[in-house]
1. Among the residues of the stretch 375-397, which ones are among the hydrophobic types (A, V, I, L, M, F, W, C) and open to solvent by 70 Å² or more (accessible area, probe 1.4 Å)?
2. Take PHE531 and tell me if it is open to solvent by less than 40 Å² (accessible area, probe 1.4 Å) and either in a helix (DSSP H, G or I) or hydroxyl-bearing (Ser, Thr, Tyr) (or both).
3. Specify the residue that is most open to solvent (accessible area, probe 1.4 Å); the eligible residues are those in the stretch 141-176 that are outside any helix (DSSP H, G or I) and either in contact with a Cys (Cβ under 7 Å, 6 or more places away or on another chain) or among the acidic types (Asp, Glu) (or both).
4. Tell me yes or no: at least one residue of the stretch 199-219 is modelled with pLDDT under 80 and open to solvent by 30 Å² or more (accessible area, probe 1.4 Å).
5. Does LEU138 satisfy being open to solvent by less than 40 Å² (accessible area, probe 1.4 Å), under 12 Å from the mean Cα position of the chain (by Cα) and not acidic (Asp, Glu)?
6. Could you tell me whether any residue of the stretch 286-298 is in contact (Cβ under 8 Å) with a residue 24 or more places away in the chain, loosely packed, with under 14 Cβ neighbours inside 10 Å and more than 21 Å from ILE351 (Cα to Cα)?
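The values are calculated or read from the model by the stated rules, or taken from the named source; none is laboratory data. It should be emphasised that the depicted structure is a prediction, and the values quoted were computed from it without experimental measurement. Cβ atoms come from the backbone with ideal geometry, glycine included; neighbour counts cover every protein chain shown. What goes into the accessible areas is simple: the full protein's heavy atoms, side chains included, and nothing from ligands, DNA or RNA. Shrake-Rupley method; radii C 1.70, N 1.55, O 1.52, S 1.80 Å.
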Amino acid sequence: MAQKGSNMVFYLTLIIIFVCGVCIWNYSGFFHEEARFKVILVTFLLVSCLQFLVFAPIEFVIISLDAAWWPVQQAPVLPDENAKVETFMEKLRLKLRTLRSELLITESHRNEKINLKYRLIAGELWLTAKLFLILFGLIMVLNKELLYFNTAATTVLFAEDHEETFGFSSMITLRDLFHFLEFSMIRAFTDGRNTSGGAPWIHAEGTRLVGVVRLRQLRTENNHEGLNPPVFTSRDFMEGWTLPYERVPYTNKFWSIYGPWVAMESDFREDLIMGIRHKGHFISYPETTGYKVLLSDTRRKSLLILDYLYDHRWLDENTSAVFIDFSLYNADANTFSLCTLWVEQFPFHGIEPHIEVESHVLVERLRDLPIFGMVMLFLFVIALVQFAKALIVKIWFEPHLIRTPWLLIDALIVALCLSNMVILCLRANLMLSMVQKVETAVVVEFLDFREPARLSYFADVVTGFTVALVTMRLWKVMQFSGTFQLFTKTLYMAWKAVLWTFTVFAVFIGAIAIAAVTMNGDHTRHFSDLFKGVVSVTCFAFGFVNHVQPTDLFHGGKWMGIVLYAVLGFVVKFLLINLIVSLMRDQMASAKTNRDYEVVHHISFWQFLRVEYADFIHFVLKLLHLQNRYKSHNRTVAENIQRKLDFDQRMGKKQKMRREFFKMIEFHPRDEALNQLRYRERIERTLKISAILQTQMELIERLMFGDEDGKLPSSRQGDQSESKT
């Protein structure tokens, strides 16, 4: 009774502390704003990580050095004066709990080699599955679904004609670009009063232009078209693209008049971050070269610049591509729209407009992160620290394991997570410096927010690789399951056949793509080049049939198109793919047959968990009221036992007939060692149940007829008589 009373006092103390804390929180005026509260949580997380990762190792190093250099003398071992003496009833209860535990631990559960293997699997499964689930939840929480709608709406507003703006997709000649710049870029983001800093966008009041618009064009040396790709010029020119170039004194004024005719220069950082190429219909165009022009922040100045470019023929027949780069920011949604509108001019002076819009949340504010996201962030940091700790412990005690492939994958997972953190920190510092430029009213400058966007892209790529590696690691841990083992063994058995089938599949795809591009490439964009032809044919072969129509293949001849479509639709799509599926099915059936014929002499992983965490499972079942309880159904115990025996006898006959029937169909080899093991386990369980029943009867007897110490009356009288004598 003393033990129950102490537990009650403990629970009552916790309830009192919780109620008092809630009352203090609500009625004492102690309250924080949501953003400030999240800052406190993040600070707590940073301090905790600093304590566990930096100061705790330093503390243990100092303690270890102190214990190694100045060892403490061991205190003499003295008997415990307050040692507790167990009563006979406590011994009976302990014996009953021991017998119940021994009832679960049979001979199969006492294989230490298997238990050690399963214990390691359980630890790895807990670490890897926890990291996978938390990482998946963190990605889902931090994902912004509204960015897609912002991208789609911005693309439509710039592509189509509206009441006061000119659509980018409506351009016919390169000269129409000046009309688009005037109506859709200058007048749409400025007002008639020439207010410095511009005005809200004409299509969205909450969206503003950040910085100024940058125009960049790429020029070729000449219009000659040959086998080699065009060469982009990087020389400096005078006005109107005349040579030789001379630097005149008046070029250092407010607006650099020589800027449109001088080639760009990029440093190593720009080449590293922005070293991308824009894929066009004709060729690819680099990002860090060309001739740039910056518009101004007022309507009057921008129109003067535009007139100057038009009068001096800044766009001519040698212009290969023109890029319009600018950034929009919506403070209400905290969304940056990074727009790159560009048009490429073909050698025959036809043009093709392109619109690239990216939506990002570059300014990560704590008040925008939901509470669940904060919790997932905390859990991810804790799970990553535990995962890294397990990796370091393995390498510390067994350095030769670093050569194993799966341990290298674990190290790569930790390295990618740390790299992602470094990239996000670099993006935060870059955004801080760019926001400071905005705060200091430097508006006649092009603020390239695409650099932090590229860092976000790198972080997303690293996150994708991290998820893939964690999934591979989880697949390795899940190999304890028979289903995963069967699938892995099937892949191992069928890898040669699948490889050769994929080779034949690639040959068919390449041949059909080359034939389709040769005959139809000048008439349909799906087969305009070899790369698009291979992509279109592959998509059609794997079921994406809404892109390629039969008429797309009829430009080289109707009957030839029908033949290509038939080969593509039947040979590739049905024959080869069904061949791969058939191969995998046959190999899986063979592997399953071999697995079923193997006799397993040890327990499974789930049986190990059932015994290893028996107390926790028992607690959960008891808490949820899912334990099997005895139900009398208004019958005595003897009647219920007799009914159970009769039912088992009837079912035994049916099971015997069923076994005889299956023996006629399929013969399974009989393992005498396994039968002997099961026989010994049944005898062992029977003896344990008998001992449990005997101990329970003795315990009930002493509880009913004995005293507080469990002594029966006869034993007490005998003790008294012995004491008298």
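1. In the first step, residues of the stretch 375-397 are kept if they are among the hydrophobic types (A, V, I, L, M, F, W, C); the result is 375-385, 387-388, 390-393, 395-397.
LEU379, ILE382, ILE392, TRP396, PHE397, listed by residue number.
2. Numbers: open to solvent by less than 40 Å² (accessible area, probe 1.4 Å): no; either in a helix (DSSP H, G or I) or hydroxyl-bearing (Ser, Thr, Tyr) (or both): yes.
For PHE531, the condition - open to solvent by less than 40 Å² (accessible area, probe 1.4 Å) and either in a helix (DSSP H, G or I) or hydroxyl-bearing (Ser, Thr, Tyr) (or both) - is not met.
3. The qualifying residue most open to solvent (accessible area, probe 1.4 Å) is GLU163.
4. First, pick out the residues of the stretch 199-219 that are modelled with pLDDT under 80: none.
The answer is no, given that none of the residues of the stretch 199-219 is modelled with pLDDT under 80 and open to solvent by 30 Å² or more (accessible area, probe 1.4 Å).
5. Details: open to solvent by less than 40 Å² (accessible area, probe 1.4 Å): yes; under 12 Å from the mean Cα position of the chain (by Cα): yes; not acidic (Asp, Glu): yes.
For LEU138, the condition - open to solvent by less than 40 Å² (accessible area, probe 1.4 Å), under 12 Å from the mean Cα position of the chain (by Cα) and not acidic (Asp, Glu) - is met.
6. First, pick out the residues of the stretch 286-298 that are in contact (Cβ under 8 Å) with a residue 24 or more places away in the chain: 286, 288-298.
In the following step, the residues that additionally are loosely packed, with under 14 Cβ neighbours inside 10 Å were identified as none.
So far as the stretch 286-298 goes, no, none of its residues is in contact (Cβ under 8 Å) with a residue 24 or more places away in the chain, loosely packed, with under 14 Cβ neighbours inside 10 Å and more than 21 Å from ILE351 (Cα to Cα).
Let's see how each residue does on (1) at pLDDT below 75; (2) closer than 23 Å to LYS95 by Cβ; (3) in a helix (DSSP H, G or I); (4) not basic (Lys, Arg):
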position	(1), (2), (3), (4)
LYS663	yes, no, yes, no
HIS668	yes, no, no, yes
ARG678	no, no, yes, no
GLU681	no, yes, yes, yes
THR686	no, yes, yes, yes
GLN696	no, yes, yes, yes
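This table checks each residue for (1) outside any loop (DSSP other than H, G, I, E, B); (2) open to solvent by 90 Å² or more (accessible area, probe 1.4 Å); (3) of a type outside the set (A, V, I, L, M, F, W, C); (4) touching a helix residue (DSSP H, G or I) at 6+ places or on another chain (Cβ under 9 Å).
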position	(1), (2), (3), (4)
ALA68	yes, no, no, no
LEU78	no, yes, no, no
GLU86	no, yes, yes, yes
LEU92	yes, no, no, yes
LEU99	yes, no, no, yes
GLY123	yes, no, yes, yes
